[in-house]
Every structure is written in structure tokens, then in C-alpha cells.
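Heads up, the thing below is written out as C-alpha cells.
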Amino acid sequence: MEMQQLRYVVAVARTGNFSRAAEQCHVSQPSLSQQIQKLEDELGERLFDRMKRVAKLTSHGETFLRRAVRILEEVDAAKREATDARDLLRGALTIGVLPTIAPYLLPDAMAQFMEKFPGVEIVVKEDITERLLKLAHGYEIDFALASQPIQDERLEVKGLFSEELLLALPPGHPLTRKRTVAVSAGGRRQLRSLPRPFLWTDLK
């Protein structure tokens, strides 16, 4: 049994004529008739009483038609849903994000996205970078908003922005006289003087 055979049966039932059904399905009348005959042979039952100019459903044909229509409707619905998901009309988007940046970065971005794609559900998972990367590898999130450095060839990493790191020191602290200071995250950063008691460094 093939989907095209179901469509041919529905077309003949609706038009009441093999020739008109063939025109509607954009096939030759002999080809359509042959496919329906093949289906009837497979089922072991006649679906149509064939008269000179009219084709009428048999009792078996009426029962089969109801099922065929439902099958075709389900197939069409499945195709629409697949297309909608591909075009981001429907579906779900799971975002992994650091708790420290989620309240500042996500609200406006999510609002714009939902306005453009109202049928897409957004799920947010907050966690530290290490756990977010594990979720990404496990396909539990679609992408992560995490902190650098990320050294993982399995992931495509793109920088979104850089931010200033502020270092607060009391007046007279020995570090205020230094031009550089060690950072626990690695490396040394250039310090520039701000009005006391603050010093700051660029994170590039």
C-alpha cells in the first residue's frame, strides 16, 4: 500500500470519476486506474463499483475512505510540523546561561526573539560554565552563554562581548603602586588608575 494510492482513492471518491480524478492528481487515467486496481488486489476487496461514467464507493470502499482520509491528514500535518520546526515557527529552544549574566542579557534578547518567533518555546537553564559545556555535549541544551576560556574543539565558540574587571582596593594598599597584578583566572592584566580606591583592567 502506497500513499499515492490513498490519494488516488480519495480523488476518485470525491470526483466520482476516474478521468477527473486523474486530471486532479496530474497523472494519466490508465495509471490511476492501474494503481487503484493494484490496491484492491492487495486488499482483496473492491473499493469502487465502476459504471460507464461514474465510480461509486462500495461498502468496503466507504470504510477504507474514512481511514485513508485520516492517514493523509496525519501525513500532511506531520509535514507541516517538520517545516515549521525547520523554519523556527514552532518548537523549543533550550539555552544554557551563567546565572550572573542571565538577568542582564536574556530579557531583551528573548523578547525580540519571541516577537519574531511566537511559536517557539524558550527554556533557560542556569549553571556554571563547566556544567553548561557538559549539557551542550549531551545535547541537553542548544547553545550556552558561558565564560572564556573554552578550549574544546568539539564546540564552536564565538565571542559576544568583553567587559571591564574592577579591582577595589583601600587607599594606600601596596597594589595601588603596581602597574600589573596577577589574576587568578590566569595571566597578567594592565591596570589603569581610577579615582581611589578603584583600579580597573580590560579583559580582552
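Every read-out reported here was derived from the displayed coordinates using simple, explicitly stated rules and does not represent laboratory data. Everything quoted here is computed from the prediction, not taken from an experiment. Note: ideal-geometry Cβ built from the backbone for every residue, glycine included; neighbour counts use all protein chains shown.
In what order do Leu57, Leu175 fall by count of nearby beta-carbon atoms within 10 Å, going from fewest to most?
On the way: Leu57 18, Leu175 13.
Result, fewest neighbours first: Leu175, Leu57.
With contacts defined as alpha carbon pairs under 8 Å and 6 or more residues apart, what's the relative contact order of the chain in percent?
For the chain, the relative contact order is 13 percent.
Starting from a Cα-only point model with no solvent, please compute log10 I(q)/I(0) by Debye for region 33-152 at q = 0.14, 0.16, 0.21 1/Å.
For region 33-152 at q = 0.14, 0.16, 0.21 Å⁻¹, log10 I(q)/I(0) is -0.73, -0.85, -1.15.
Against the empirical 2.2 N^0.38 Å scaling, what ratio does the C-alpha Rg of the chain come to?
Relative to the 2.2 N^0.38 Å estimate, the chain comes out at 1.99.
Fewest Cβ neighbours within 10 Å first, please rank Thr63, Thr94 accordingly.
Listing Thr63, Thr94 from fewest to most nearby Cβ atoms yields Thr63, Thr94.
Determine the distance separating the Cα centre of region 23-78 from the Cα centre of region 107-137; give it in Å without decimals.
So the two Cα centres are separated by 48 Å.
Just Glu74, Glu156, Glu121 to compare: in a GNM of the chain, with alpha carbon springs under 10 Å, which one fluctuates most?
Glu156
Among rounded, prolate and oblate, which fits region 1-69 when a ≥ b ≥ c are the square roots of the eigenvalues of its C-alpha gyration tensor, a/c under 1.5 means rounded, and a/b larger than b/c means prolate? Before the final figure, lay out each step's value.
Numbers: a/c = 1.41, a/b = 1.20, b/c = 1.18.
Rounded, because the longest to shortest axis ratio a/c is under 1.5.
Counting other Cβ atoms within 10 Å, which trypsin sites (Lys or Arg not before Pro) in region 42-151 have at most 12 and lie in a DSSP loop?
Within region 42-151, the qualifying trypsin sites (Lys or Arg not before Pro) (loop, at most 12 other Cβ atoms within 10 Å) are Lys52, Arg53.
For Ser31 and Val75 in the same chain, what is the full-extension length gain: residue separation times 0.36 nm, less their Cα-Cα distance, in nm? Spell out each step's value before the answer.
Values: separation 44, 0.36 × 44 = 15.84 nm, distance 2.30 nm.
Once the chain is fully extended between Ser31 and Val75, it gains 13.5 nm.
Under a Cβ-only charge scheme (Lys and Arg +1, Asp and Glu -1), can you give me the dipole magnitude of region 31-114 about the Cα centre, in debye to the nearest 20?
Working: 13 positive and 13 negative charges, 94 e Å.
Around 460 debye, computed over region 31-114.
To the nearest 500 deg cm²/dmol, what mean residue ellipticity at 222 nm is calculated for the chain from DSSP H runs of n ≥ 4 alone, each contributing -39,500 (n - 2.57), summed and divided by the residues? Spell out each step's value before the answer.
Details: 6 runs with 88 residues, N = 204.
The helix-only estimate for the chain comes to -14000 deg cm²/dmol at 222 nm.
Once you list every other residue whose beta carbon is under 12 Å from the beta carbon of Pro99, what net charge do they have if Lys and Arg are +1 and Asp and Glu are -1?
Net of charged neighbours comes to 0.
Can you pull out the chymotrypsin sites (Phe, Trp or Tyr not before Pro) in region 35-142 whose DSSP state is coil and whose Cβ has at most 11 other Cβ atoms within 10 Å? Each step should come with its number before you reach the end.
Numbers: sites: Phe48, Phe64, Tyr104, Phe113, Tyr139; in loops: Tyr139.
Passing sites in region 35-142 are Tyr139.
Which angle between 0 and 90 degrees, to the nearest 10, do you get for helix 102-116 versus the longest principal axis of the chain when only C-alpha atoms count?
Once rounded, the angle reads 30 degrees.
For Cα pairs less than 8 Å apart in space and 6+ apart in sequence, what is the mean separation divided by the residue count of region 45-155, i.e. the relative contact order in percent?
Once divided by the residue count of region 45-155, the mean separation gives 24 percent.
Subtracting the Cα-Cα distance from 0.36 nm times the residue separation, let me have the gained length for Asp49 to Leu135 in nm, one decimal.
Taking Asp49 through Leu135 to full extension adds about 24.9 nm, to one decimal.
Taking the Cα centre as origin and putting +1 on Lys and Arg beta-carbons and -1 on Asp and Glu beta-carbons, what dipole magnitude results for the chain, to the nearest 20 debye?
Computed charge dipole of the chain: roughly 540 debye.
Order by neighbour count: Glu2, Glu45, fewest other Cβ atoms within 10 Å first, most last.
In increasing order of surrounding Cβ atoms, one gets Glu2, Glu45.
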